[in-house]
Amino acid sequence: MSCEICGGEQTGEHDWDDGVVTQPSCEEKGTKTYTCQTCSHTKTEEIPAKEHQYESTVIQAPTCTTAGQIHDVCSVCQTEQYRDMPIDPDAHDWGEWSVSKGPDIGMAGEEQRICRWNAEHVQTRGIDPIPCRHICASCNGCTDSNCPGAPKCSCNKPDILPFIPLNDTAISYIPEQPLNVPAGQTVSIVATEVQLSSASDNAVSQPAANVNPYEEFILNNAEGMKVETVFEIGLVVNETGAAYELKDGESAQVRLFVGPENAQAIEEGKMFLIHITDGIRATYGAEEIVAEKDGETYTGYITFNTDTFSPFVLVSLPDGLKITLDGKVESGKCTASIHANQAYRCNLFIAIYDADGKMLAVQVVDSCNLAANPLFTLEFTGAASYVKAFMMEADGSLAPRCTSVTDDKLND
């Protein structure tokens, strides 16, 4: 019979050996060659080329405006290649949230953040409306038909929060500087004290489950401070009784009765007024408030200037609250430990100083729970002498209550 390889005369079957293999590469085919042990004829089979075994690394992530890039390296033959990654429309680098429209009674506000890659990419979210104070304790509806608060009370016997005029009569104070009102009309400032319900009386930080939306709004903005009382302060046109809103550039002085002990506590930095407006929480303390005196005796009246009117909340630190601060320095790093003996949350400004009072390093921490005994590490250059921690306002300014928690010398 004929040989299947060369066509020559073959007297029997080939006796093939195990074959010799030429290994394939990632791109080149390999072979396996067999030799007949009887007649020395050979035959060859192809071995498919291997695929590259790429290990990939993202060297530039895609953003909402630019493509990314991937670097591939074959683990077998070290062949390299680069691949583009498509633009990712959701890969934004968002800035901080900022209030673009402050909420009002019955009207939601809005805040936005802008992508750092493309300022045309803007994300918005709503801010809950400020609850009105005409709240029915039975159905949480608004009991005042002239108030923009919604929904309205649907009860047959509405039960509303008590509103007690200060000293049995509302305090009126006519601003010294004329305001932009029609000729022949005057404006007075009227302050009304709001008594919170027993469920939230003297509450701190976390409101009880059965408080109404107005009280919950007040307590949440107190941020751990003890709520003493709430003052709703507004402007009224004397001749018509209509509400008046300050125009841009206008301001007025408020004279408020808080009691002699409270007035003294404000001057001593133990009590403060929290002002809630346009989604911003501001604190008025001894620097912004003047406590009136008759000689050395406090009259109970305080005065302060404002250009917006909305709830002013008289607060103090919770009873028994103690905050401690310890610091230790080692190899150009300071480890600061802050602890509160009860639940208390605030924004912190932590700073290291040298013996001459020069600031060496700063760290800012938002919404810090002091009861969790947080630790902070600050790197600095120089000879550290002491560390201070201050409470901060939401806008980044140091609050009037921000004398340092402690002024301990550091342990070298």
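Condition check: more than 22 Å from the chain's Cα centre (by Cα) and either assigned by TED's automatic domain parsing to the domain that holds Glu245 or surrounded by fewer than 13 Cβ atoms within 10 Å (Cβ to Cβ) (or both). Does Ser98 satisfy that?
no
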Subject >> Of all residues in segment 281-327 being under 30 Å from the mean Cα position of the chain (by Cα) and loosely packed, with under 14 Cβ neighbours inside 10 Å, the one that is modelled with the highest pLDDT >> reply: Asn305
Original post:
Within segment 49-76, how many residues turn out to be outside any strand (DSSP E or B) and touching a Lys or Arg at 6+ places or on another chain (Cβ under 6 Å)?
Top reply: 1
Subject >> Single residue of segment 30-68 satisfying the filter (touching a residue at least 24 places away in the same chain (Cβ under 8 Å) and of a type in the set (Val, Ile, Thr)) that is surrounded by the most Cβ atoms within 10 Å (Cβ to Cβ) >> reply: Thr63
Original post:
Name the pairs: first residue in segment 115-136 and under 19 Å from Lys101 (Cβ atoms), second residue hydroxyl-bearing (Ser, Thr, Tyr) and modelled with pLDDT under 90, Cβ to Cβ under 6 Å, at least 6 apart or on different chains?
Top reply: Pro131/Tyr214
Original post:
Which one of these does Ile114 not meet: (1) touching a Ser or Thr at 6+ places or on another chain (Cβ under 7 Å); (2) not in a loop (DSSP other than H, G, I, E, B)?
Top reply: (1)
Subject >> Candidate set: segment 77-86, residues that are closer than 27 Å to Val21 by Cβ and within 49 Å of the chain's Cα centre (by Cα); chosen: the one surrounded by the most Cβ atoms within 10 Å (Cβ to Cβ) >> reply: Thr79
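The values are calculated or read from the model by the stated rules, or taken from the named source; none is laboratory data. Computed from a predicted structure; not experimentally measured. We place every Cβ from the backbone using ideal geometry, glycine too, and count neighbours over all the protein chains shown.
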